[in-house]
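What follows draws every value from the coordinates through simple rules; no lab data is involved. Here the structure is a predicted model, which means the values were calculated and not measured. Counting neighbours? That spans all protein chains shown, and the Cβs are built from the backbone with ideal geometry, glycine included.
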Amino acid sequence: MDKHAKRSSLLHYPVLIVFTLFFVGLFALDLITPDRAYSELENTTLSQRPALTQLSAKGLNSYFTAYTKYVKDQVFGRDQWISLQSMVETTLLQKEQNGGILLGREHMMFPRTFGLLSSEERTLPKNTSAVESLCQRYPGKVNVLLAPAASDIYPENVPANAPLLDENTYLDPLSAAVQAAGGRFVDVRGTLTDHKGEYLYYRTDHHWTSLGAYYAYQQLCTALGLTPFDTTTHTALTADRFYGTHYSKARTWNAVPDTITWYDLPNQLTIYNVTAAGQPTDGETTGLYDTDKLTVYDKYAMFLHGNNGLSRVQGDGTGKILVIKDSYANCFVPYLTANYADIDVVDFRNYNFGLDQLIADNDYDQILVLYSFDSFKSDPYLYRAGVTG
């Protein structure tokens with residue numbers, strides 16, 4: 001067969017030709033496109049080109065496994081391919097979940113949490129015991145506020161028949177345990193349910209909004225006999241087009257972006273360095289908000305400059321409070337500036353110490369443990385609240 005005949009026979013397979021040209025072009029684009037270290041849209045670190053370190057069967061297997069992941073992470077147009085896949089699955093195939101996220105009514109997204117993981121079955125009792133110990137060591141000072149999941153406040157927006165975890169079966173006995181240990185459980189479930197017609201949780205993110213945090217804060221003030229932060233005397237600022245952690249997993253084409261709200265406060269925040277002995281040293285003093293984060297994907301990180309190990313907010317009130325927290329507290333803490341002179345904030349993800357020395361050095365008037373229940377049941381570091389000495 002001559003060359004002309006071969007070319008003619010190939011023309012009988014136009015789909016094959018198109019696909020071949022497509023993949024050749026994609027391969028060429030991959031070669032000339034710089035590798036990315038991080039995907040803001042997915043909030044994840046991307047694999048880098050691996051090196052072949054061992055000329056053995058095991059070394060080659062590890063190399064090709066790593067290389068396959070590298071090619072997947074660095075493929076040209078990765079973000080667009082993921083969005084296209086999501087659109088096909090949710091629109092054409094009518095899927096009610098994508099990337100481990102349930103796609104609910106009112107454009108709300110919910111994590112697919114059907115029960116406790118085996119690790120959480122171990123962690124939840126440990127964290128409960130740690131908080132009980134804290135309450136017993138400082139009777140009358142410890143307040144525990146656990147934010148329920150959005151699915152508990154908006155069950156009607158969860159896809160039908162999704163067997164989500166019933167947090168009430170855990171929050172009720174936890175409330176009883178805290179109070180029996182001498183603490184105060186600030187149960188915000190009723191308050192948030194009463195205001196569920198308002199914008200209490202982000203649609204595309206796992207956090208509550210500043211408004212949801214404010215209603216919880218008001219309830220804490222009632223419990224402590226404090227006058228709440230007056231939102232009418234401060235300027236409210238907003239940032240639009242916030243796509244949160246749920247969106248980074250689901251990547252639905254028709255997601256409705258969220259709006260972040262905060263108040264223009266002049267208070268200062270000091271982020272401390274901590275010595276190996278657990279002593280805070282001079283750190284960086286800055287404003288309450290890192291507004292540079294409003295230009296990147298993870299806009300929620302603007303509150304309190306993220307999750308620092310130990311920091312202090314200078315407030316306008318009197319006395320001191322210690323806040324032991326996850327990221328739900330980041331938009332909550334600014335409200336406390338109306339009530340306390342010093343608001344110390346500990347995040348155990350970046351604070352590898354117990355609390356007794358810190359509490360002894362500062363003689364706090366109140367201690368607040370503020371978590372979402374989701375992170376309370378899974379946090380591998382909260383046990384440090386129960387470490388004595």
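Side notes on the structure shown:
- Here the extension length gained between Gln218 and Asp172 equals 14.4 nm, from 0.36 nm per residue of separation less the Cα-Cα distance.
- Length gained on full extension, Arg349 to Tyr199, computed as 0.36 nm times the residue gap minus the Cα-Cα distance: 51.1 nm.
- Here the simple spin-label model places points 7 Å from the Cα toward Cβ, and for Gln136 and Asp365 these points are separated by 2.9 nm.
- Kirkwood hydrodynamic radius of region 241-389, from inverse mean 1/r over distinct Cα pairs, in Å: 16.4
- Computed extension length for Leu211-Ala341: 44.5 nm, one decimal, from 0.36 nm per residue of separation with the Cα-Cα distance subtracted.
- More than 15 angstrom apart: percent of Cα pairs within region 147-213: 57
- Label-to-label distance, nm, for residues given as Thr291 and Thr259 (7 Å Cα→Cβ offset): 1.8
- Pairs from the list Lys196/Lys293; Lys141/Lys320; Lys141/Lys325; Lys196/Lys249; Lys325/Lys377; Lys196/Lys299 with a Cα-Cα gap above 20 Å: Lys196/Lys293; Lys196/Lys249; Lys196/Lys299.
- Between Asn273 and Arg105, the modelled labels are 5.5 nm apart [label points 7 Å from Cα along Cα→Cβ].
- Whole-Å semi-axes of region 184-294's equivalent ellipsoid (Cα gyration tensor): 27, 23, 16
- 3J(HN,Hα) along region 359-365: 5, 5, 6, 10, 6, 5, 6 Hz, from the Karplus curve 6.51 cos²θ - 1.76 cosθ + 1.60 with θ = phi - 60°, whole Hz, x for Gly and Pro.
- Applying Stokes-Einstein at 37 °C and 0.692 mPa s to the Kirkwood radius of region 176-234, computed over alpha-carbon pairs, gives a translational diffusion coefficient of 254 µm² s⁻¹.
- Each 10 Å bin from 0 upward holds the following percent of the Cα-Cα pairs of region 254-328: 16, 44, 29, 9, 2, 0.
- All alpha carbon pair distances within region 112-261 were sorted into 5 Å bins beginning at 0; the resulting P(r) in whole percents reads 2, 8, 14, 17, 19, 17, 12, 8, 3, 0, 0.
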